[in-house]
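The values are calculated or read from the model by the stated rules, or taken from the named source; none is laboratory data. This one's a predicted model, so the numbers in the text were calculated from it and none came from an experiment. Here the Cβ is made from the backbone with ideal geometry for all residues, glycine too, and neighbour counts use every protein chain on show. Just the protein is used for accessible areas: all its heavy atoms, side chains included, with ligands, DNA and RNA removed. Shrake-Rupley method; radii C 1.70, N 1.55, O 1.52, S 1.80 Å.
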Amino acid sequence: MQFAESYVAEDLVLRTARSLAEEVGIDAVTTGAGAALRLLAAAGNARAVVEIGTGTGVSGVWLLRGMRTDGVLTTIDVEVEHQRIARRIFAEAGFPAGRTRIIAGRALDVLPRLADGAYDLLFVDAEVTGVSACVDAALRLLRPGGVLAVNGALAGGRIGDPAARDPETVTLRETMKALRESEDWVPALLPVGDGLLAAIRC
């Protein structure tokens, strides 16, 4: 697992963004999860991507590096200060301002304003309590063949422990079960970082 996490190295920009995330007290996606996001974006030739949870720009840089050169990342976060840091990180990574659309606000307030079927990939790195609603929104926002990715799907190892019945784990477990049983999705759970749940929109 450790080898997989370090297989793709992070450059100075990503290391800086990760250090800043630690300073402000947020958990950025791991290197392995970031590499998987870049892969998913590249495999889908993603041009329009939505990210829920800007943070300090770690996952955003990974996504942008996998997207088409004319692609636009729409990234949503309630923390304006974090987004200010992310904006600087995106610039340092060489992405012009037009490659990102940074929106301050709650995802559940912003998502209804986004166009139906207009997105190639939606990445969720948000509070577990809002994941189910974000997954519901993804069904509307993604084009057929679009990709949903949810960070933290293993819940620190609790997801596979039947004795773990805390509200967050139960919510995540139910969301994952619904995705697996839905005819609208083709899902897989990738064992990178704290688990990356990926699903293709049918």
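Local charge sum around Ala46 (other residues, Cβ-Cβ under 14 Å, Lys/Arg +1, Asp/Glu -1)? Walk me through the numbers on the way to the answer.
Details: positive: Arg38, Arg47, Arg65, Arg68, Arg99, Arg143, Arg201; negative: Glu51, Asp70, Asp120.
Net charge around Ala46: +4.
Using amide H atoms built in the peptide plane, which far-off residues or other-chain residues are under 5 Å from Gly146 H to H?
Arg201
Take every Cα pair under 8 Å in region 1-125 that's 6+ residues apart, average their separations, divide by the length, and report that relative contact order as a whole percent.
On the way: 200 pairs, mean separation 33.6, N = 125.
Contact order relative to length: 27 percent.
Using 0.36 nm times the number of residues separating Thr69 and Asp11, minus their current alpha carbon distance, what extension gain do you get?
Details: separation 58, 0.36 × 58 = 20.88 nm, distance 1.93 nm.
Once the chain is fully extended between Thr69 and Asp11, it gains 18.9 nm.
Using amide H atoms built in the peptide plane, which far-off residues or other-chain residues are under 5 Å from Trp185 H to H?
Residues meeting the amide H criterion: Cys202.
If you place +1 on the Cβ of every Lys and Arg, -1 on the Cβ of every Asp and Glu, and leave all else neutral, what size is the dipole of the chain about its Cα centre, to the nearest 20 Debye? If you can, show how the numbers build up before the last one.
On the way: 21 positive and 26 negative charges, 122 e Å.
That gives the chain a dipole magnitude of about 580 debye.
Using only the heavy atoms of the protein chains and a 1.4 Å probe, how would Glu183, Glu51 rank by accessible area, largest first? Please list the in-between numbers first.
Values: Glu183 170, Glu51 0 Å².
Largest accessible area first, the residues go Glu183, Glu51.
Taking a 1.4 Å probe, which of Thr54, Thr16 shows the most accessible area, and what order do the others take after it? Numbers along the way, then the final one.
On the way: Thr54 0, Thr16 45 Å².
Sorted descending by solvent-accessible area, the residues read Thr16, Thr54.
For Cα extents along the principal axes in Å, the choices are [x] 51, 37, 28; [y] 44, 37, 29; [z] 85, 44, 32; which was calculated from the structure?
Recomputing Cα extents along the principal axes in Å here gives the entry labelled [y].
Counting only other residues whose beta carbon sits under 10 Å from that of Met67, what net charge do I get with K and R as +1, D and E as -1?
Details: positive: Arg38, Arg47, Arg65, Arg68, Arg99; negative: Asp70, Asp120.
Its environment carries a net charge of +3.
Assign one of three labels to region 66-107, namely rounded, prolate or oblate, based on the Cα gyration tensor with a ≥ b ≥ c the square roots of its eigenvalues; rounded applies when a/c is under 1.5, prolate when it is not and a/b is larger than b/c, and oblate otherwise. Working shown, then result.
On the way: a/c = 2.82, a/b = 1.47, b/c = 1.92.
Since a/c reaches 1.5 but b/c is at least a/b, the shape of region 66-107 is classed as oblate.
May I ask which residue of Gly105, Leu20, Gly44 lies farthest towards the positive end of the charge dipole of the chain, with charges of +1 (Lys, Arg) and -1 (Asp, Glu) on Cβ and the Cα centre as origin?
Of the listed residues, the answer is Gly44.
Leaving ligands, DNA and RNA out of it, rank Arg180, Arg99, Arg158, Arg106 by accessible area with a 1.4 Å probe, largest first.
Working: Arg180 160, Arg99 25, Arg158 90, Arg106 120 Å².
Solvent-accessible surface, decreasing: Arg180, Arg106, Arg158, Arg99.
What is the sum of charges around Val131, taking Lys and Arg as +1, Asp and Glu as -1, for the other residues whose C-beta is under 12 Å from the C-beta of Val131?
On the way: positive: Arg173; negative: Asp125, Glu127, Asp136, Glu168, Glu174.
Residues near Val131 contribute -4 overall.
Charges on Cβ only, +1 for Lys and Arg, -1 for Asp and Glu, centred on the Cα centroid of region 2-201; of Pro96, Leu148, Gly195, which one is farthest towards the dipole's positive end?
Of the listed residues, the answer is Pro96.
What area, in nm² and to one decimal, does the C-alpha convex hull of region 1-69 cast on average over all directions? Mind dumping the intermediate values first?
Numbers: hull surface 19.0 nm².
That works out to 4.8 nm², a quarter of the Cα hull's surface.
When a/c reaches 1.5 or more, the comparison of a/b and b/c decides; with that in mind, is region 49-132 rounded, prolate or oblate per its Cα gyration tensor? List each step's numbers first, then the result.
Working: a/c = 1.76, a/b = 1.24, b/c = 1.42.
Oblate shape, in that a/c is at least 1.5 and b/c is the bigger or equal ratio.
222 nm [θ] for the chain, helices only, -39500 (n - 2.57) per DSSP H run of 4+, per residue, to 500? List each step's numbers first, then the result.
Details: 8 runs with 83 residues, N = 202.
Helix-only estimate at 222 nm: -12000 deg cm²/dmol.
Ranking request for peptides 34-42, 162-170: highest mean number of other beta-carbon atoms within 10 Å first, then the rest in descending order. Working shown, then result.
Values: 34-42: 22.8, 162-170: 11.8.
Descending packing order for the listed peptides: 34-42, 162-170.
With each label point set 7 Å from Cα along the Cα-Cβ vector, what nm distance links Ala104 and Ala4?
If labels sit at Ala104 and Ala4, their model points lie 3.9 nm apart.
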